[in-house]
Amino acid sequence: MSYPWANEYKPSHPAMVWLDERLPLPRLIYGAVGGGYEVPRNLNYFWNFGFLAGLCLMIQIVTGVVLAMHYAPNTLVAFDSTEHIMRDVNWGWLMRYAHANGASAFFVVVYIHIFRGFYFGSYKAPREMIWLLGVVIFLLMMATAFMGYVLPWGQMSFWGAQVITGLFGAIPLVGEPIQHWLLGGFAPDNAALNRFFSLHFLLPFVILGVVILHIWALHIPGSSNPTGVEVKSESDTVPFHPYYTAKDGWTVGLFMVIYSTVVFFAPNMLGHPDNYIPANPMSTPALIVPEWYFWPFYAILRAFTFDFFFIPAKLMGVLAMFAAILIWFLLPWLDRSPVRSANYRPLYRKFFYALVVAMVVLFWCGGAHAEEPYIMLSQLATLYYFAHFLIIVPIVSSIERPDPLPYSITESVLGPPTALESAAKA
């Protein structure tokens, strides 16, 4: 949002004046992420994760393009080409480890970004479109990550593709034809690997396009803030540059230290050792699990263990797994509270922490064997997960008595004005 007090771009160098008259790209950047973009003065470090998500996307695109130059999407040589990258290509091991761990870093950052939205009500009007585009980005990320996991053509790659595409087979009548259409055959093979490689290369650029829409939608109402109170005056905002570019820069430095530590000292910490075994359709691994960032939804899938009348358990699990994400699209309308931030919603805040616990349980159960007590725990966590969005959030938003809100962002930072200050203004 362009406030009346926002700084205007005024080029001084003749070359910049010439460029601004013909292609006002510097003006666009200045107004989007520079001194011309005014943002609330009370943003905390949770607002830095959006920038970090963009950084992770750039890392994935750059390293992915380099890896694609040396990868061969053919089942006969895919595993060997991956090892060739690791052993023979100059700095190939770094590119692969940076890409593999970059995916994990991307999901860590995005999960925090999403739960920040849950806590501070960033999905509420007038920012519904920002939220909806964010959910679309998350779905595209999951599709991209799944296809990328198949490409090394190790044991987990092959069997992960077999299990995940097999979920579509649970759909009555059309399920098996859809599965065969996705794979290009009756099982993961050369056709599946080729199309997964093609889509895995394409989708990050689609994500980048949706990210641009996401940022564009953000600039219409302006950024939300921890209080949930809208901007009222010039004292409520500061220019994005240099205040938040410096803050983002500090966060990027900390992120790169952690990310580099994992890449250089524990690159396989988040991977599965079975994926260093070539794919073998005749040997099933003892435990087939997707990458860790899919675990909560994988736990929801496995939580359904018995048929419900004429609906098979497998079909219910598949529907619940997809519904667990699609339900986020409805959140702006399920939560009817006029107060955005959970800082001023004491009852909702308790249930938010319960949701965090439920997600931690689902993460834990999703990576474990399908046995007790993990099945029972995943069932309880799944029950609370859906109850939270479909029952608790609508009811709490109707009956809750929020705490008093500050009049303005400035008041939330500096405190209410004293009697002397109020008299001076009067």
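The values are calculated or read from the model by the stated rules, or taken from the named source; none is laboratory data. What you are looking at is a predicted structure, and each value in this text was computed from that prediction instead of being measured. All Cβ positions, glycine included, derive from the backbone under ideal geometry; neighbour counts span all protein chains shown. To get the accessible areas, we keep the full protein, side chains included, count just its heavy atoms, and leave off ligands, DNA and RNA. Shrake-Rupley method; radii C 1.70, N 1.55, O 1.52, S 1.80 Å.
Structural remarks
- Entry comment: accessible area of the chain is 50 Å² per residue, from protein heavy atoms only and a probe of 1.4 Å.
- Within the chain, the whole DSSP H helices whose Cα atoms reach 24 Å or more along their own axis and whose mean Kyte-Doolittle score is at least 0.5 are 49-68, 92-120, 128-150, 190-219, 240-265, 346-366.
- Semi-axis lengths, Å, the range 291-341, gyration tensor of Cα atoms, sqrt of 5 times eigenvalues: 27, 15, 8
- The equivalent ellipsoid of the chain has semi-axes of 42, 30, 18 Å, largest first, where each one is the square root of 5 times an eigenvalue of the Cα gyration tensor.
- Percent RCO, i.e. relative contact order, over the chain, from Cα pairs under 8 Å lying at least 6 residues apart: 21
- Peptide ranges 338-348, 258-268 listed from the most packed, as the mean C-beta count within 10 angstrom indicates: 338-348, 258-268
- Taking the 1.4 Å solvent-accessible surface of the chain as the whole, the part contributed by carbon and sulfur is 72%.
- PHE168 contributes an accessible area of around 60 Å² to the protein surface, as traced by a 1.4 Å probe with all chains present.
- Kirkwood-based shape ratio for the range 299-402, expressed as Rg/Rh from alpha carbons: 1.03
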